[in-house]
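Below is the structure I would like to discuss, written out as structure tokens.
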Amino acid sequence: MPFVTGLLLADAVTSIAGAGLEVGSVSSATSADVAAGAVLSTDPPGGTEVGPGQLVSIVLSDGPPEQPPPDLFVVPDVLGFRFEEAKATLQGAGWTVAASQDFSTDEDSGLIIRQEPPGGSLGPQPGNVAIVQSKGSQPTPTGPPQPPDQPLVE
């Protein structure tokens, strides 16, 4: 199998056909290292011994993954983090933190149960992220039931 990584598709196909092989599937993937339109990888890989007529799958580069616009930043996802860890993560990424607490039957006390904007979303900085820390389950009243209010009898 010839080495065709980095070649444009037409050149890679010519090289593969010249080696007596056939091109099979062609797909694509992002790559920060290989220019868009060039061969990112093949299966079988270059340098592999193959028989005549074997199918070769080609993966072309789409180029680097899209980056957010320079004035927008990704909000870290801190759901399930302990409060101090969530605060440090958000502040370390340049966000201001507004915190509150609420009861939760689903999460242990001290863990982050909600955040706004949600993790993975984009926003301008400096920006604010509101997080809600679990206070655990809401306590249930203990002791005997209280009688309803009775009017005073004189």
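Each value in this text was obtained by applying a stated rule to the coordinates, not by laboratory testing. What you see is a predicted model, and the numbers here were worked out from it, not measured in a lab. So basically every Cβ, Gly included, is an ideal-geometry build from the backbone, and we count neighbours across all protein chains shown.
I need the calculated FRET efficiency for the pair residue 77 and residue 26, taking r as the beta carbon distance and R₀ as 22 Å, to the nearest 0.05.
The computed FRET efficiency comes out at 0.05.
How far is it, in nm, from the label point at residue 88 to the one at residue 121 when both lie 7 Å from their Cα along the line to the Cβ?
Taking the simple label geometry, residue 88 and residue 121 are separated by 2.6 nm.
If you average the sequence gap of Cα pairs under 8 Å that are 6 or more apart and divide by the length of region 9-61, what percent do you get for the contact order?
48 percent
Note down the net charge around residue 127, summing +1 for each Lys or Arg and -1 for each Asp or Glu among other residues with Cβ under 14 Å from its Cβ.
-2
When Kirkwood radius over Cα pairs in Å is calculated directly from the model, which label among [x] 21.4; [y] 15.9; [z] 20.9 fits?
So the structure-derived entry is [z].
Next question, about the same structure. Under the rule that an exposed site lies in a DSSP loop and has at most 15 other Cβ atoms within 10 Å, name the longest stretch of the chain with no chymotrypsin sites (Phe, Trp or Tyr not before Pro) of that kind, not counting the sites themselves.
Maximal segment without exposed cleavage sites: 4-102.
Quickly rank 31-44, 113-126 as a protection proxy: mean count of other C-beta atoms within 10 Å, highest first.
So the peptides 31-44, 113-126, ranked by packing, come out 31-44, 113-126.
What dipole magnitude, in Debye to the nearest 20, does the chain give about its Cα centre under +1 on Lys/Arg Cβ and -1 on Asp/Glu Cβ?
160 debye
To the nearest 10 degrees, how steep is helix 9-18 against the longest Cα principal axis of the chain, on a 0 to 90 scale?
Computed tilt is about 50 degrees.
Starting from the Cα of residue 135, step 7 Å along the direction of its Cβ; do the same at residue 35; then give the gap between the two resulting points in nm.
Placing both labels 7 Å along Cα→Cβ, they lie 6.2 nm apart.
While we're on this one: Once you list every other residue whose beta carbon is under 13 Å from the beta carbon of residue 16, what net charge do they have if Lys and Arg are +1 and Asp and Glu are -1?
Taking every other residue near residue 16 into account, the sum is -3.
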